[in-house]
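For reference, the structure discussed in these notes is given below.
The values are calculated or read from the model by the stated rules, or taken from the named source; none is laboratory data. All values reported here derive from a predicted model rather than from experimental measurement. Don't worry about glycine lacking a Cβ; one is built from the backbone with ideal geometry, like all the others, and counts go over all protein chains shown.
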Amino acid sequence: MRESAENAGSPACGAVVVGVDGSPASNLALRWAIREVTGRGVGLHLVHATGLPVGGQNYWRPLDLVAQACRAGRVLLRAAEQFVEKESGGAGITVTSGLVSEYPGEALVALSGFARTVVLGATGYGGFPGILAGSTTEAVATHAHCPVVVVRGRGTAGSLPEEGPVVLGVDEWHATDRAIAAAFDEAAWLDAPLVAVHAWTVAEYGAYPAGTGTESMITERRRFLATRLARWQEKYPDVRVEQVVAHNRTRRQLLEWSGRARLLVVGSHGRGAFSGLVLGSVSRAMVYHAQSPVLVVSKDSAR
């Protein structure tokens, strides 16, 4: 089922929103989103942002340039709708689409207030002069009001991982209950095992207490991880869980696991001011360098 819109407005509440720019990375994000919504009864909303705001002296643009961008955007959206129809194989996904004039990051953050998840490619054309795809990705992952999936393929062909566990990074600061819940939900939906990874270093947790060493700290960290997951293991008894505790840097450990993961889930700081806060170092590293799709869930995200 397909409904197109000249103006995006708001997607159906709880829809998965996908940023579309016609790039191979955008198509890979569409593939991931199709898998995510098929069978869930969740709608798919495709949005293309022209990056040419109009109105007010600071946003003045030649009308022919705006019209050209709108025509190109409509072509992109039609192609994306056809791509979803072909890839879904008649799965009956409800698809809406819309064209907006804002910059891509601003548009996706605004739509995230209505969305279940925002999905975008890890790289792309950025769409428009002066817009870097990386800056858009980081802005959305940092400031969205819902979880954000940054899709990156594996290997030279850039294909989506078909197998592997859902890998969850757990620490004492950013692995909120929302991030843990999202990881268990995805693992249950995919019928995939869940690997919960907790890595630590002396720099993060201070010097060892007197009379203790690495083994004692690992035992204490294992206790912390088991306690952190206990509630969710009770709620999702069918999800197979492996707990990994490593004396290592969190970024290094998660990047290694991303090579085997079907999906990597990380928590992040809250949104803060749009112009100020950036992703935490671990979340940012995963968004830019992980070898699998990354689901970023902030403590302020709703799902």
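When you check Gln233 against the structure, is it modelled with pLDDT under 95 and part of a helix (DSSP H, G or I), yes or no?
The answer is no for Gln233.
Only residues that are modelled with pLDDT of 90 or more, closer than 26 Å to Arg71 by Cβ and out of contact with any strand residue (DSSP E or B) (no Cβ under 8 Å at 6 or more places or on another chain): list them for the stretch 110-143, please.
Matches in the stretch 110-143: Ala110 only.
Taking the criterion of being of a type in the set (Ser, Thr, Tyr), modelled with pLDDT under 85 and not assigned by TED's automatic domain parsing to the domain that holds Met286, would at least one residue in the stretch 212-222 satisfy it?
no
If I filter the stretch 150-168 down to residues being surrounded by fewer than 23 Cβ atoms within 10 Å (Cβ to Cβ) and of a type in the set (A, V, I, L, M), which single residue comes out as modelled with the highest pLDDT?
Among them, the one singled out is Leu160.
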